Amino acid sequence: MYLQGRSRRAQAFGGMNKEGVIDSPTGSDAGGRPRGRVRSPGSGSSPTLADLARRLGVSSMAVSLALNGRPGVSDELRAAALSLAEELGYRPNYAARALRTERTSMMGIINRNLHNPAFLNVIEGFDDECAAHGYQVMIGSSRLDLAHELALIEAFAARELEGLAIAPLETEAARKTWRRKSERPIAILNAFAARNDPNVLSVRSDAVTAVRLAVEHLRELGHRRIALLTGTVKERSDSDRDSEFIAAMGRDSLTPHMIACGWDAAHARAAISAALAAPRAQRPTAIIANSDHLAHAAYLAAQDNGLVVPHDLSVIGHDDVETSQILGPPLTTFRTDRYAIGRLSARLLIDIAEGREPDDRHIEVPVELIVRGSTGPARRD
C-alpha cells in the first residue's frame with residue numbers, strides 16, 4: 001500500500017485552499033498596511049491558527065504548542081485551544097507550514113508485508129505518536145519484494161520526508177538506498193542495524209534474547225534437532241539472531257539447523273515441508289520461527305507431512321498476535337509490545353527532526369516467552 005502524495009512540497013499536504021491563499025501572520029506593517037489575510041470564523045473560510053490565537057488572546061506560537069502537545073503552555077490553555085479548534089473545525093494548513101519552515105512535517109513507514117497482522121500494531125503506534133506531534137504519515141508495503149522496497153524508499157525520499165521507519169527485507173540495501181537520496185534519519189524496525197552510521201536509528205524486540213530463551217525451553221523438553229527459520233540470501237535482516245542461535249546450540253554441542261525461507265508464508269511452508277520430509281532420525285523435532293505468521297506456516301507444513309504439533313514437531317513463534325491463541329494447539333510464542341515499537345521509532349525520528357538528541361538511538365523492547373500447547377517433549381527416536 002502506498003499513499004500517493006504530490007510532488008511539490010507546497011502541494012504535499014493538499015495544496016492551497018480554494019481561494020489560492022496561504023495564510024500569513026496577521027497585523028499591519030510600519031505603514032499601517034495589512035501584513036496578511038485576516039479571516040473571520042463563520043465567513044465561509046477555514047479558520048486559521050491566527051484566528052484561534054486572536055479568540056484566545058495569546059500568540060499563534062502558544063496555540064501551536066498547545067495543539068501539538070508541546071511543553072511551554074498551561075494545561076488550561078491547552079484545553080481551551082483544543083476545545084476552540086474543535087468548535088471552529090480548525091485544521092492545520094500543512095502547505096503553508098511547509099513553505100514557511102522549509103519542512104514537510106511528514107514521516108514515512110514501510111513494512112514488509114501487510115498480511116502479517118503484527119505490523120498493524122507497529123503502524124498504529126507510529127501514527128499515533130506522529131499525530132501527537134503534528135506530523136502526518138505516509139505508509140508503504142514492500143510486498144516481500146526487495147526491488148519494490150528499494151523503489152519505494154526512493155519514492156519516499158523524493159517527498160522530502162522528515163524521517164523514515166522501515167522493517168526491511170535487507171537492512172543494508174535499505175539503509176544505503178535511503179542515504180543516497182536523503183540526509184534525514186532512518187529508523188530500522190525489528191532488524192539488526194549497524195551502529196556506525198549516526199543517521200541510523202533502530203527499534204526492535206529483543207530477538208537475540210528470544211532465540212536464547214527458545215533454545216533453552218526446547219532443550220529442557222529434550223529436543224536436540226532444532227531448526228531456526230531465517231531469511232534467504234537476498235533477505236537477511238536478523239544476522240545477530242542467527243548468530244545467537246548458532247552459539248546457543250553450540251553451548252550444548254548441538255548442530256544448528258537453518259531453514260532459509262524468507263518472509264513469505266507460502267515459501268516458508270514449502271521450505272519447512274521439505275525439511276520435515278527427511279528421514280525421522282534427521283528431520284528437526286522443533287522449529288523456531290521469527291514471527292507467528294511463519295509459525296502458522298510450520299503448522300501447515302507439519303500437516304503436509306502427516307505430523308502432529310507438538311507430538312511430532314514443537315513450534316515457537318514470535319509476536320503473540322491474537323490468532324495465535326486460537327490455533328490448534330495454541331502457539332507458544334514471544335510476547336512483545338508491538339505498539340511501543342512503532343511509537344518509540346516515531347519518537348526517535350521526531351527528536352532528530354526537531355534538533356533533540358535521543359537518550360538512546362538504538363532501543364530493544366523486552367520479550368516474554370508465553371508457553372502454550374505447541375511445544376512438548378521430544379519424541380524418542
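The values are calculated or read from the model by the stated rules, or taken from the named source; none is laboratory data. If you're wondering where the values come from, they're calculated on a predicted model, not measured in any experiment. All Cβ positions, even for glycine, are placed from backbone atoms using ideal geometry, and neighbour counts span all protein chains on display. To get the accessible areas, we keep the full protein, side chains included, count just its heavy atoms, and leave off ligands, DNA and RNA. Shrake-Rupley method; radii C 1.70, N 1.55, O 1.52, S 1.80 Å.
At-a-glance table
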item	result
Compactness of the range 257-326, expressed as Rg and Dmax over alpha-carbon positions, Å	11.2, 35
Largest-first principal axis extents of the Cα set of the range 234-381 (Å)	60, 34, 27
Length gained when the stretch SER59-ASP197 is fully extended (0.36 nm per residue, less Cα-Cα span)	45.7 nm
With all protein chains modelled, accessible area of ARG361 [1.4 Å, Å²]	60
Rg/Rh ratio calculated on Cα atoms of the range 308-381 (Kirkwood radius)	1.24
Label-point separation, ALA158 to GLU364 (7 Å along Cα→Cβ), nm	3.9
Other-chain or far-sequence residues with amide H under 5 Å of LEU228's (modelled H)	HIS257, MET258, ILE259, ILE288
Rounded to the nearest 10 Å², the accessible area of VAL371 at probe 1.4 Å	90
Table column - 3J(HN,Hα) (Hz), the range 249-262, Karplus curve with 6.51, -1.76, 1.60, x for Gly and Pro	5, x, 5, 9, 6, 9, 7, x, 10, 10, 10, 7, 9, x
Mean accessible surface per residue for the range 254-327, computed with a 1.4 Å probe while every protein chain stays in place, in Å²	39
Projected area, mean over directions - the range 287-345, Cα convex hull, nm²	3.9
Distance from the range 121-143 to the range 173-233 (C-alpha centre basis), Å	21
Histogram of C-alpha separations across the range 183-308, 10 Å bin width, %	12, 40, 33, 11, 3, 0
Relative contact order for the range 156-243, counting Cα pairs under 8 Å that sit 6 or more residues apart, in percent	28
ASP312, ASP292, ranked by accessible area, largest first (probe 1.4 Å)	ASP312, ASP292
Inverse mean reciprocal Cα-Cα distance (Kirkwood Rh) of the range 134-248, Å	15.6
Net charge of neighbours whose Cβ lies under 10 Å from the Cβ of ALA157, counting Lys and Arg as +1 and Asp and Glu as -1	+2
FRET efficiency estimate (nearest 0.05) - Cβ-Cβ, GLU86 to VAL371, R0 35 angstrom	0.15
